[in-house]
Amino acid sequence: MEELLNKAIKDAYSTAKIDYVARLSSGNKKFFSVRGIDKDREKAFKLIQELLDNLKIEYEVKESKSASKNFPYVIVVNGSIQYTTKPDMAGRVSSGSGAQDKFANFVKQLGATDVATAKIGSQEADVAFKINNKKENAEIKNSANLKDINAFDITVYRKDKKSSGSKDLTFVNDLIQDFTNYPTLEDYIDSLRQNDITIGYSGDPGVKNKSGNLPTKHFKFTERLDKAVNTLKDHWKKDDYFVIVSGNKFMIYNTNGEGALTEIIKRQRGVEIETFSRTSLKEIKFQTYGGTRPGTIRMQLSITLNSAPIVEYSAETN
């Protein structure tokens, strides 16, 4: 059956590359990794689901830590054939990794040494460097407009759907409590479902989207953002800078006070780098993306930033 499924995927997406993963296959179970459908692996995952839906092939979405640390989800067909998606390498280089490379070149221009960028899937700092004899790290985000950013993502779950690989939801529940006065995200969702059953986790009755549904009007917050700021700064606690890259423009924030790079940018470029604070954050949104198993939501915490000083980058600058 896997041959027919693989053919169907390649017929639908001529750029698809399907690799048999021997280390994750055993007995009659076959594991396949798919690249080339879309540069965004979550979108590619959803497209495979839509293809199977159109072909009327039954499947399940399950969480499997062995598939990937960053995207631990598989599509299971017939109980024995599993598919996951991997980043389209060309797309990744042109976006996230390309942004890292630009910032790495920028800090080299300012005199940094020992500059390193993280490999795809690595838990290392996006860009690490040494400047003025001080080691510093930066988290890099690529953005079309320097303001709307996916800060980070997490799989949230109903209490009875927690798995061994599920992450602690305390910070999510703390944010929801601060914004809505409901003690947990699950409590808030269930309250909303009393009036609209299309809201909820994947697999909830009335929820059609396999990624779950969190309507913006209920999950966008512009007030009481102090706790959200602290949550973001805690997320960046190993980084000295949070950097948004858009084309050849950088918006750079200190995460915990001024660093050595900040001093050099001020001296050489005349730009004052802000330390991230409440005035930096305009709004926060809880959004869904990708496919996930019933009883869970693959959720992004997206932020919109207020304007901040911009640093221009030129590859020719010495």
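Below are the figures for this structure:
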| quantity | calculated |
| --- | --- |
| Selection from Gly206, Gly290, Val61, by position along the positive dipole direction of the chain (Cβ) | Val61 |
| Check: the range 252-318 dipole with +1 on Lys, Arg Cβ and -1 on Asp, Glu Cβ, in debye | 420 debye |
| Residue order, fewest to most beta carbons within 10 Å, for Asp38, Asp148 | Asp148, Asp38 |
| Cα-centred dipole magnitude for the chain, charges only on beta-carbon of K, R (+1) and D, E (-1), debye, nearest 20 | 540 debye |
| Under 17 Å, Cα to Cα: Lys pairs in the range 2-90, sequence gap 8 or more or different chains | 26 |
| The range 197-214 and the range 7-75: distance between their alpha carbon centers, rounded to Å | 22 Å |
| Within the range 57-77: backbone nitrogen closer than 19 Å to the Ala22 label point (7 Å, Cα to C-beta) | 67 |
| 20 °C / 1.002 mPa s Stokes-Einstein diffusion coefficient of the chain, Kirkwood radius on C-alpha pairs, µm²/s | 100 µm²/s |
| Projected area, mean over directions - the range 2-90, Cα convex hull, nm² | 5.3 nm² |
| Computed [θ] at 222 nm, deg cm²/dmol, the chain (DSSP H ≥ 4; -39,500 (n - 2.57); rounded to nearest 500) | -8000 deg cm²/dmol |
| Cα-based radius of gyration of the range 202-318 once divided by 2.2 N^0.38 Å, which approximates compact folds | 1.35 |
| Length-normalised contact order for the chain - Cα pairs under 8 Å, 6+ apart - percent | 17 percent |
| Charge dipole magnitude, Cβ of K and R +1, D and E -1 - the range 136-234, Cα centre, debye nearest 20 | 360 debye |
| Centroid-to-centroid separation of the range 105-137 and the range 262-318 [C-alpha atoms, Å] | 18 Å |
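Quick note: the coordinates plus some simple rules give every number you see, no bench work behind them. Everything numeric in this text was worked out from a predicted model, so none of it was measured. No Cβ is skipped: glycine too gets one built from the backbone with ideal geometry, and neighbour counts run over all protein chains shown.
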